[in-house]
Amino acid sequence: MVRDGCPLRRDAGGFLDSQLGSAPIDQTGWMRYFRTASLVAVGFGLVMFVLSAATPAAAATTLTVEAITWNVLGLDSNDVSVGPATYPVGGRVCNTGSEAATVSASFVWTSSSPAMSLEGPATIDLGLLPAGSCRDAYWNVTVARAASSYDATRGYVIEATSTDGASAATPTPRELFVERLVSQNRNSVNSITGPSAVTVGDEVTYVVDADTALAGFEQLESFLTLPSSIFQVLRVAVTYEKPVGATNDTVYADACGWDPIPTSPTYLTCIGPARYEGGKVGGALLSRVTVKVIGTGTAELASAIYDKSGSSYHYNTDFSVRPNLLVVTASAPATPTTTTLPVDMTAVPAAAPITTTTTTAAPTPTGARDPGSVSTGVATTGTSDTGALSLIGLSLLSVGMLALAGSRLERPAVATPFQRSLHDLRRSLHEHDAGAEAWLLMDALDRVAGSLQDR
(Lines give C-alpha, C1' and ligand atoms only; values in the text may rest on other atoms or scores of the structure.)
Protein backbone atom coordinates (compact mmCIF):
# COMPACT_ATOMS: atom_id res chain seq x y z
CA MET A 1 0.00 0.00 0.00
CA VAL A 2 1.09 3.57 -0.62
CA ARG A 3 0.33 6.69 1.50
CA ASP A 4 1.56 10.13 0.40
CA GLY A 5 3.83 8.47 -2.10
CA CYS A 6 5.47 6.26 0.51
CA PRO A 7 5.03 2.50 0.65
CA LEU A 8 3.35 1.13 3.75
CA ARG A 9 3.87 -2.25 5.30
CA ARG A 10 2.10 -4.25 7.93
CA ASP A 11 4.00 -5.36 10.98
CA ALA A 12 3.59 -8.66 12.74
CA GLY A 13 0.69 -7.27 14.75
CA GLY A 14 -1.14 -6.25 11.55
CA PHE A 15 -0.73 -2.51 12.08
CA LEU A 16 0.15 -0.23 9.16
CA ASP A 17 3.37 1.72 9.37
CA SER A 18 5.22 3.95 6.96
CA GLN A 19 8.83 3.43 6.08
CA LEU A 20 9.84 6.90 7.16
CA GLY A 21 11.73 5.70 10.18
CA SER A 22 8.93 6.03 12.80
CA ALA A 23 8.59 3.38 15.49
CA PRO A 24 5.99 0.69 14.85
CA ILE A 25 2.63 1.29 16.55
CA ASP A 26 2.12 -1.93 18.41
CA GLN A 27 -0.43 -2.94 21.05
CA THR A 28 1.65 -1.35 23.80
CA GLY A 29 1.70 1.96 21.90
CA TRP A 30 -2.06 1.99 21.66
CA MET A 31 -2.30 1.55 25.42
CA ARG A 32 0.02 4.51 25.91
CA TYR A 33 -2.23 6.64 23.72
CA PHE A 34 -5.29 5.41 25.60
CA ARG A 35 -3.66 6.31 28.93
CA THR A 36 -2.75 9.77 27.64
CA ALA A 37 -6.35 10.40 26.58
CA SER A 38 -7.48 9.35 30.03
CA LEU A 39 -5.09 11.81 31.63
CA VAL A 40 -6.44 14.56 29.39
CA ALA A 41 -9.97 13.78 30.62
CA VAL A 42 -8.75 13.96 34.22
CA GLY A 43 -7.10 17.32 33.57
CA PHE A 44 -10.19 18.82 31.95
CA GLY A 45 -12.29 17.51 34.82
CA LEU A 46 -10.03 19.20 37.38
CA VAL A 47 -10.05 22.50 35.51
CA MET A 48 -13.84 22.56 35.15
CA PHE A 49 -14.28 21.67 38.83
CA VAL A 50 -12.04 24.58 39.84
CA LEU A 51 -14.00 26.92 37.57
CA SER A 52 -17.30 25.80 39.06
CA ALA A 53 -16.01 26.42 42.59
CA ALA A 54 -14.79 29.90 41.67
CA THR A 55 -18.03 30.99 39.97
CA PRO A 56 -19.89 33.67 41.98
CA ALA A 57 -22.93 32.40 43.88
CA ALA A 58 -26.43 33.27 42.81
CA ALA A 59 -28.57 35.23 45.25
CA ALA A 60 -30.93 33.01 47.25
CA THR A 61 -31.31 34.56 50.71
CA THR A 62 -32.12 38.21 51.45
CA LEU A 63 -32.23 39.37 55.06
CA THR A 64 -33.60 42.52 56.69
CA VAL A 65 -33.43 43.56 60.36
CA GLU A 66 -35.84 45.91 62.15
CA ALA A 67 -35.65 47.31 65.70
CA ILE A 68 -38.83 46.37 67.62
CA THR A 69 -38.26 47.88 71.09
CA TRP A 70 -38.13 51.36 72.56
CA ASN A 71 -34.68 52.92 72.76
CA VAL A 72 -35.57 54.48 76.14
CA LEU A 73 -34.63 52.55 79.30
CA GLY A 74 -34.80 53.93 82.82
CA LEU A 75 -34.39 53.91 86.59
CA ASP A 76 -36.64 55.17 89.33
CA SER A 77 -36.18 58.94 89.53
CA ASN A 78 -35.97 58.98 93.33
CA ASP A 79 -34.48 55.62 94.33
CA VAL A 80 -32.32 53.71 91.88
CA SER A 81 -32.57 50.57 94.02
CA VAL A 82 -36.26 50.01 93.20
CA GLY A 83 -38.22 49.56 90.01
CA PRO A 84 -37.15 47.91 86.74
CA ALA A 85 -33.51 47.93 85.68
CA THR A 86 -33.36 45.18 83.03
CA TYR A 87 -35.06 45.84 79.69
CA PRO A 88 -35.63 43.85 76.49
CA VAL A 89 -33.94 45.09 73.33
CA GLY A 90 -35.22 43.31 70.26
CA GLY A 91 -34.97 42.98 66.52
CA ARG A 92 -37.09 41.32 63.84
CA VAL A 93 -35.19 39.35 61.20
CA CYS A 94 -36.98 38.64 57.93
CA ASN A 95 -35.97 36.44 55.00
CA THR A 96 -37.30 38.13 51.88
CA GLY A 97 -35.30 35.89 49.55
CA SER A 98 -36.36 32.83 47.58
CA GLU A 99 -34.90 30.07 49.74
CA ALA A 100 -34.95 29.05 53.39
CA ALA A 101 -31.80 29.67 55.41
CA THR A 102 -30.45 28.97 58.88
CA VAL A 103 -30.12 32.35 60.58
CA SER A 104 -28.62 33.79 63.75
CA ALA A 105 -28.89 37.30 65.20
CA SER A 106 -26.30 39.16 67.27
CA PHE A 107 -26.42 42.19 69.56
CA VAL A 108 -23.33 44.37 69.15
CA TRP A 109 -22.34 47.42 71.18
CA THR A 110 -20.94 50.25 69.05
CA SER A 111 -19.81 52.40 71.98
CA SER A 112 -18.87 51.91 75.62
CA SER A 113 -20.59 52.96 78.83
CA PRO A 114 -20.49 51.58 82.39
CA ALA A 115 -24.19 52.42 82.72
CA MET A 116 -25.42 49.56 80.51
CA SER A 117 -24.43 45.94 79.98
CA LEU A 118 -25.76 42.93 78.13
CA GLU A 119 -27.21 40.09 80.19
CA GLY A 120 -26.60 36.72 78.57
CA PRO A 121 -25.14 35.68 75.20
CA ALA A 122 -24.82 38.20 72.39
CA THR A 123 -25.87 35.74 69.65
CA ILE A 124 -29.24 34.01 69.36
CA ASP A 125 -29.86 31.07 67.02
CA LEU A 126 -33.09 31.67 65.10
CA GLY A 127 -33.00 28.30 63.34
CA LEU A 128 -34.25 27.65 59.82
CA LEU A 129 -36.01 30.76 58.50
CA PRO A 130 -38.29 29.98 55.53
CA ALA A 131 -38.45 32.37 52.59
CA GLY A 132 -40.99 35.12 53.20
CA SER A 133 -41.07 34.72 57.00
CA CYS A 134 -39.76 36.65 60.01
CA ARG A 135 -38.56 35.79 63.48
CA ASP A 136 -37.93 37.97 66.56
CA ALA A 137 -34.91 38.01 68.85
CA TYR A 138 -34.83 39.69 72.28
CA TRP A 139 -31.80 40.45 74.44
CA ASN A 140 -31.75 41.80 78.00
CA VAL A 141 -29.86 45.02 78.73
CA THR A 142 -29.28 45.88 82.39
CA VAL A 143 -28.91 49.46 83.63
CA ALA A 144 -26.45 49.93 86.50
CA ARG A 145 -28.37 51.03 89.59
CA ALA A 146 -26.46 54.26 90.14
CA ALA A 147 -27.32 57.93 89.85
CA SER A 148 -24.56 58.28 87.28
CA SER A 149 -26.62 56.13 84.90
CA TYR A 150 -29.23 58.85 84.36
CA ASP A 151 -29.02 60.34 80.85
CA ALA A 152 -26.36 57.79 79.86
CA THR A 153 -26.28 56.57 76.28
CA ARG A 154 -24.71 53.60 74.55
CA GLY A 155 -24.70 52.80 70.84
CA TYR A 156 -25.72 49.41 69.50
CA VAL A 157 -26.61 47.51 66.35
CA ILE A 158 -28.43 44.22 65.71
CA GLU A 159 -26.88 42.04 63.03
CA ALA A 160 -28.26 38.96 61.29
CA THR A 161 -26.35 36.36 59.26
CA SER A 162 -27.29 33.15 57.48
CA THR A 163 -25.24 30.03 56.88
CA ASP A 164 -25.20 30.74 53.14
CA GLY A 165 -23.49 34.10 53.72
CA ALA A 166 -26.34 36.64 53.67
CA SER A 167 -26.22 39.43 56.25
CA ALA A 168 -28.02 42.59 57.31
CA ALA A 169 -28.10 45.00 60.25
CA THR A 170 -30.21 47.71 61.81
CA PRO A 171 -29.32 51.26 60.74
CA THR A 172 -26.67 53.25 62.55
CA PRO A 173 -26.30 55.36 64.55
CA ARG A 174 -28.76 54.04 67.13
CA GLU A 175 -28.41 54.11 70.90
CA LEU A 176 -30.10 53.29 74.20
CA PHE A 177 -30.93 56.19 76.52
CA VAL A 178 -31.48 56.03 80.32
CA GLU A 179 -34.39 58.18 81.54
CA ARG A 180 -35.71 59.10 84.99
CA LEU A 181 -38.91 57.13 85.58
CA VAL A 182 -41.66 58.27 87.96
CA SER A 183 -43.65 55.51 89.69
CA GLN A 184 -47.39 55.79 89.06
CA ASN A 185 -50.43 53.82 90.22
CA ARG A 186 -52.21 54.37 86.91
CA ASN A 187 -50.17 51.50 85.45
CA SER A 188 -50.92 48.26 87.30
CA VAL A 189 -50.91 44.48 86.81
CA ASN A 190 -53.94 42.38 87.71
CA SER A 191 -52.38 38.95 87.19
CA ILE A 192 -49.63 36.90 85.60
CA THR A 193 -50.72 33.39 84.62
CA GLY A 194 -48.76 30.49 83.23
CA PRO A 195 -46.89 27.38 84.40
CA SER A 196 -44.70 27.80 87.48
CA ALA A 197 -42.80 24.55 86.83
CA VAL A 198 -41.30 24.04 83.39
CA THR A 199 -38.74 21.79 81.73
CA VAL A 200 -35.91 22.65 79.36
CA GLY A 201 -37.25 22.31 75.84
CA ASP A 202 -40.80 23.36 76.75
CA GLU A 203 -42.61 26.06 74.80
CA VAL A 204 -45.00 27.87 77.13
CA THR A 205 -47.09 31.05 77.16
CA TYR A 206 -47.43 33.57 80.00
CA VAL A 207 -50.40 35.95 80.05
CA VAL A 208 -50.28 39.38 81.69
CA ASP A 209 -53.56 41.13 82.48
CA ALA A 210 -52.88 44.82 83.15
CA ASP A 211 -54.35 48.32 83.06
CA THR A 212 -53.04 51.73 82.11
CA ALA A 213 -54.68 55.13 81.88
CA LEU A 214 -57.78 54.91 79.69
CA ALA A 215 -56.67 57.87 77.57
CA GLY A 216 -53.55 55.97 76.58
CA PHE A 217 -49.97 57.11 76.02
CA GLU A 218 -47.82 58.35 73.15
CA GLN A 219 -45.24 55.68 73.98
CA LEU A 220 -45.93 52.45 75.87
CA GLU A 221 -43.84 49.36 76.54
CA SER A 222 -44.93 46.39 78.67
CA PHE A 223 -42.74 43.34 79.19
CA LEU A 224 -42.01 40.42 81.50
CA THR A 225 -38.66 40.12 83.27
CA LEU A 226 -37.40 36.91 81.63
CA PRO A 227 -33.78 35.91 82.38
CA SER A 228 -32.06 35.13 79.07
CA SER A 229 -30.25 32.18 80.67
CA ILE A 230 -33.60 30.40 81.16
CA PHE A 231 -36.00 31.76 78.54
CA GLN A 232 -35.89 32.67 74.86
CA VAL A 233 -38.79 34.88 73.77
CA LEU A 234 -40.41 33.52 70.62
CA ARG A 235 -43.60 35.55 70.10
CA VAL A 236 -45.56 38.39 71.66
CA ALA A 237 -49.23 39.26 71.13
CA VAL A 238 -50.89 42.26 72.81
CA THR A 239 -54.40 43.71 72.70
CA TYR A 240 -55.29 47.22 73.90
CA GLU A 241 -58.55 48.84 74.97
CA LYS A 242 -57.69 52.11 73.23
CA PRO A 243 -58.01 52.59 70.36
CA VAL A 244 -60.74 49.99 69.90
CA GLY A 245 -59.40 46.80 68.34
CA ALA A 246 -55.75 47.86 68.65
CA THR A 247 -53.22 45.01 68.67
CA ASN A 248 -49.47 44.56 68.64
CA ASP A 249 -46.92 41.81 67.99
CA THR A 250 -44.05 43.28 70.04
CA VAL A 251 -43.65 44.57 73.61
CA TYR A 252 -43.33 48.16 72.30
CA ALA A 253 -46.22 50.32 71.10
CA ASP A 254 -45.01 53.37 69.20
CA ALA A 255 -48.27 55.29 69.01
CA CYS A 256 -47.04 58.74 68.00
CA GLY A 257 -44.16 58.04 65.59
CA TRP A 258 -41.00 58.23 67.72
CA ASP A 259 -37.68 59.66 66.54
CA PRO A 260 -34.85 57.28 67.66
CA ILE A 261 -32.04 58.82 65.59
CA PRO A 262 -29.42 60.44 67.89
CA THR A 263 -28.21 62.87 65.23
CA SER A 264 -31.71 64.17 64.50
CA PRO A 265 -32.78 67.60 65.85
CA THR A 266 -36.09 65.99 66.92
CA TYR A 267 -34.44 63.07 68.76
CA LEU A 268 -36.59 61.53 71.54
CA THR A 269 -39.77 63.29 70.42
CA CYS A 270 -42.92 62.37 68.51
CA ILE A 271 -42.62 63.32 64.86
CA GLY A 272 -45.28 61.10 63.30
CA PRO A 273 -46.92 59.64 61.49
CA ALA A 274 -49.11 58.19 64.23
CA ARG A 275 -48.94 54.40 64.47
CA TYR A 276 -52.28 54.15 66.28
CA GLU A 277 -55.40 56.20 65.76
CA GLY A 278 -55.17 59.42 67.75
CA GLY A 279 -51.46 58.92 68.43
CA LYS A 280 -52.07 57.18 71.77
CA VAL A 281 -52.52 53.60 72.97
CA GLY A 282 -53.44 52.06 76.34
CA GLY A 283 -56.33 51.28 78.66
CA ALA A 284 -56.78 47.63 79.60
CA LEU A 285 -54.12 45.49 77.93
CA LEU A 286 -53.59 41.75 77.66
CA SER A 287 -50.13 40.43 76.76
CA ARG A 288 -49.37 36.87 75.68
CA VAL A 289 -45.65 36.07 75.72
CA THR A 290 -44.58 32.72 74.29
CA VAL A 291 -41.15 31.52 75.36
CA LYS A 292 -38.90 28.51 74.94
CA VAL A 293 -37.25 27.14 78.06
CA ILE A 294 -33.51 26.90 77.32
CA GLY A 295 -31.92 26.63 80.77
CA THR A 296 -32.49 25.63 84.36
CA GLY A 297 -33.00 27.81 87.44
CA THR A 298 -35.57 29.84 89.32
CA ALA A 299 -36.86 33.18 88.06
CA GLU A 300 -39.18 35.84 89.42
CA LEU A 301 -41.38 37.02 86.59
CA ALA A 302 -42.76 40.55 86.94
CA SER A 303 -44.28 42.89 84.40
CA ALA A 304 -42.92 46.38 83.87
CA ILE A 305 -45.23 48.89 82.22
CA TYR A 306 -43.60 52.19 81.40
CA ASP A 307 -44.70 55.07 79.22
CA LYS A 308 -44.19 58.63 78.06
CA SER A 309 -46.97 61.12 78.53
CA GLY A 310 -46.32 64.80 77.95
CA SER A 311 -42.76 65.50 79.09
CA SER A 312 -42.40 62.77 81.72
CA TYR A 313 -41.84 59.02 81.87
CA HIS A 314 -43.66 56.66 84.26
CA TYR A 315 -43.69 53.03 85.41
CA ASN A 316 -46.04 50.90 87.51
CA THR A 317 -45.63 51.19 91.28
CA ASP A 318 -46.56 47.53 91.79
CA PHE A 319 -43.49 46.26 89.93
CA SER A 320 -42.44 42.90 91.51
CA VAL A 321 -45.25 43.13 94.09
CA ARG A 322 -47.97 40.47 94.07
CA PRO A 323 -50.07 39.89 92.07
CA ASN A 324 -47.38 41.24 89.74
CA LEU A 325 -45.06 38.36 90.55
CA LEU A 326 -44.81 34.73 89.43
CA VAL A 327 -41.99 32.46 90.58
CA VAL A 328 -41.03 29.91 87.93
CA THR A 329 -38.65 26.97 88.31
CA ALA A 330 -37.10 25.43 85.21
CA SER A 331 -35.72 21.89 85.46
CA ALA A 332 -33.70 19.64 83.22
CA PRO A 333 -35.57 16.86 81.41
CA ALA A 334 -35.91 13.66 83.41
CA THR A 335 -33.27 11.05 82.61
CA PRO A 336 -34.95 8.04 80.98
CA THR A 337 -34.63 4.81 82.95
CA THR A 338 -32.98 1.82 81.28
CA THR A 339 -34.26 -1.72 81.87
CA THR A 340 -31.98 -4.65 81.08
CA LEU A 341 -33.82 -7.69 79.76
CA PRO A 342 -32.49 -11.26 79.45
CA VAL A 343 -31.00 -11.92 76.02
CA ASP A 344 -32.93 -14.51 74.01
CA MET A 345 -30.38 -15.97 71.61
CA THR A 346 -33.16 -17.51 69.51
CA ALA A 347 -35.03 -14.28 68.93
CA VAL A 348 -34.29 -11.76 66.22
CA PRO A 349 -34.35 -8.17 67.59
CA ALA A 350 -37.00 -5.97 66.02
CA ALA A 351 -35.92 -2.98 64.00
CA ALA A 352 -36.16 0.32 65.88
CA PRO A 353 -39.03 2.55 64.69
CA ILE A 354 -38.05 5.55 62.65
CA THR A 355 -39.42 8.82 63.99
CA THR A 356 -39.48 11.90 61.83
CA THR A 357 -40.05 15.34 63.34
CA THR A 358 -40.97 18.23 61.09
CA THR A 359 -40.85 21.81 62.33
CA THR A 360 -42.58 24.53 60.35
CA ALA A 361 -41.89 28.17 61.25
CA ALA A 362 -45.01 30.31 60.91
CA PRO A 363 -44.43 33.78 59.45
CA THR A 364 -44.34 36.48 62.09
CA PRO A 365 -46.84 39.27 61.35
CA THR A 366 -45.26 42.65 60.91
CA GLY A 367 -46.99 45.84 61.94
CA ALA A 368 -46.32 49.41 60.94
CA ARG A 369 -42.84 50.53 61.96
CA ASP A 370 -40.76 53.66 61.94
CA PRO A 371 -38.90 53.51 58.59
CA GLY A 372 -35.81 54.66 60.46
CA SER A 373 -35.76 51.43 62.46
CA VAL A 374 -35.49 49.13 59.43
CA SER A 375 -32.15 48.11 57.97
CA THR A 376 -31.21 50.13 54.92
CA GLY A 377 -28.36 47.87 53.88
CA VAL A 378 -29.24 44.35 52.74
CA ALA A 379 -26.58 41.86 51.72
CA THR A 380 -27.48 38.74 49.73
CA THR A 381 -25.78 35.58 48.69
CA GLY A 382 -26.76 31.97 48.29
CA THR A 383 -26.13 28.56 46.81
CA SER A 384 -23.99 28.59 43.68
CA ASP A 385 -25.91 27.97 40.45
CA THR A 386 -23.01 26.08 38.87
CA GLY A 387 -24.27 22.53 39.29
CA ALA A 388 -23.97 21.64 35.59
CA LEU A 389 -20.38 22.87 35.33
CA SER A 390 -19.35 21.07 38.50
CA LEU A 391 -21.13 17.88 37.36
CA ILE A 392 -19.36 17.91 33.99
CA GLY A 393 -16.01 18.43 35.68
CA LEU A 394 -16.56 15.63 38.15
CA SER A 395 -17.82 13.36 35.37
CA LEU A 396 -14.70 13.91 33.28
CA LEU A 397 -12.56 13.37 36.37
CA SER A 398 -14.35 10.11 37.15
CA VAL A 399 -14.14 8.85 33.56
CA GLY A 400 -10.47 9.66 33.40
CA MET A 401 -9.70 7.91 36.68
CA LEU A 402 -11.66 4.82 35.63
CA ALA A 403 -9.86 4.74 32.34
CA LEU A 404 -6.52 4.96 34.13
CA ALA A 405 -7.50 2.07 36.35
CA GLY A 406 -8.35 -0.02 33.28
CA SER A 407 -5.12 0.76 31.47
CA ARG A 408 -2.65 -0.69 33.99
CA LEU A 409 -0.90 -2.87 31.43
CA GLU A 410 2.44 -1.16 31.17
CA ARG A 411 4.35 1.40 33.19
CA PRO A 412 5.84 4.34 31.28
CA ALA A 413 9.57 4.49 31.46
CA VAL A 414 9.74 8.28 31.99
CA ALA A 415 7.45 11.11 33.15
CA THR A 416 5.22 12.41 30.39
CA PRO A 417 4.60 16.09 29.68
CA PHE A 418 1.10 15.67 31.12
CA GLN A 419 2.52 14.35 34.38
CA ARG A 420 4.64 17.45 34.61
CA SER A 421 1.54 19.59 33.88
CA LEU A 422 -0.34 17.89 36.70
CA HIS A 423 2.58 18.59 39.02
CA ASP A 424 2.62 22.27 37.99
CA LEU A 425 -1.15 22.56 38.51
CA ARG A 426 -0.84 21.02 41.97
CA ARG A 427 1.95 23.39 42.94
CA SER A 428 -0.05 26.40 41.68
CA LEU A 429 -3.10 25.42 43.74
CA HIS A 430 -0.90 25.03 46.81
CA GLU A 431 0.79 28.40 46.36
CA HIS A 432 -2.50 30.28 45.89
CA ASP A 433 -4.32 28.44 48.73
CA ALA A 434 -7.70 28.70 46.94
CA GLY A 435 -9.70 27.19 49.80
CA ALA A 436 -11.27 23.86 50.68
CA GLU A 437 -12.04 23.03 47.04
CA ALA A 438 -8.38 23.51 46.15
CA TRP A 439 -7.26 21.03 48.82
CA LEU A 440 -9.72 18.47 47.48
CA LEU A 441 -8.30 18.96 43.99
CA MET A 442 -4.72 18.73 45.25
CA ASP A 443 -5.59 15.43 46.91
CA ALA A 444 -7.03 14.18 43.61
CA LEU A 445 -3.89 15.33 41.77
CA ASP A 446 -1.72 13.47 44.29
CA ARG A 447 -3.74 10.31 43.66
CA VAL A 448 -3.37 10.68 39.89
CA ALA A 449 0.38 11.34 40.19
CA GLY A 450 0.76 8.35 42.51
CA SER A 451 -1.14 6.16 40.09
CA LEU A 452 1.13 7.22 37.24
CA GLN A 453 4.22 6.67 39.37
CA ASP A 454 3.08 3.12 40.10
CA ARG A 455 2.91 2.43 36.38
In segment 267-307, residues that are open to solvent by 40 Å² or more (accessible area, probe 1.4 Å), over 21 Å from residue 181 (Cα atoms) and part of a loop (DSSP other than H, G, I, E, B) total 6
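Here's the yes/no breakdown for (1) more than 22 Å from residue 116 (Cβ to Cβ); (2) modelled with pLDDT of 95 or more; (3) open to solvent by 50 Å² or more (accessible area, probe 1.4 Å); (4) more than 27 Å from the chain's Cα centre (by Cα):
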site: 158; (1), (2), (3), (4): no, yes, no, no
site: 164; (1), (2), (3), (4): yes, no, no, no
site: 184; (1), (2), (3), (4): yes, no, yes, yes
site: 187; (1), (2), (3), (4): yes, yes, no, yes
site: 229; (1), (2), (3), (4): no, yes, yes, no
site: 232; (1), (2), (3), (4): no, yes, no, no
>> Quick check on residue 207: is it over 27 Å from the mean Cα position of the chain (by Cα), surrounded by fewer than 20 Cβ atoms within 10 Å (Cβ to Cβ), modelled with pLDDT of 95 or more and more than 30 Å from residue 333 (Cβ to Cβ)?
In response: no
Here the residues within segment 312-328 that are among the hydroxyl-bearing types (Ser, Thr, Tyr) and under 18 Å from residue 282 (Cα atoms) are 312, 313, 315, 317
Taking segment 210-227 and keeping only residues that are crowded, with 22+ Cβ neighbours inside 10 Å and under 27 Å from residue 126 (Cβ atoms), one is left with 220, 221, 222, 223, 224
Across (1) in contact (Cβ under 8 Å) with a residue 60 or more places away in the chain; (2) in contact with a strand residue (DSSP E or B) (Cβ under 8 Å, 6 or more places away or on another chain); (3) assigned to a loop (DSSP other than H, G, I, E, B), residue 256 clears everything bar (1)
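The values are calculated or read from the model by the stated rules, or taken from the named source; none is laboratory data. These figures come from a predicted structure and were not determined experimentally. Methodologically, a virtual Cβ is constructed for each residue, glycine included, from the backbone with ideal geometry; neighbour enumeration extends over all protein chains shown. The area values use the complete protein model at the heavy-atom level, side chains included, leaving out ligands, DNA and RNA. Shrake-Rupley method; radii C 1.70, N 1.55, O 1.52, S 1.80 Å.
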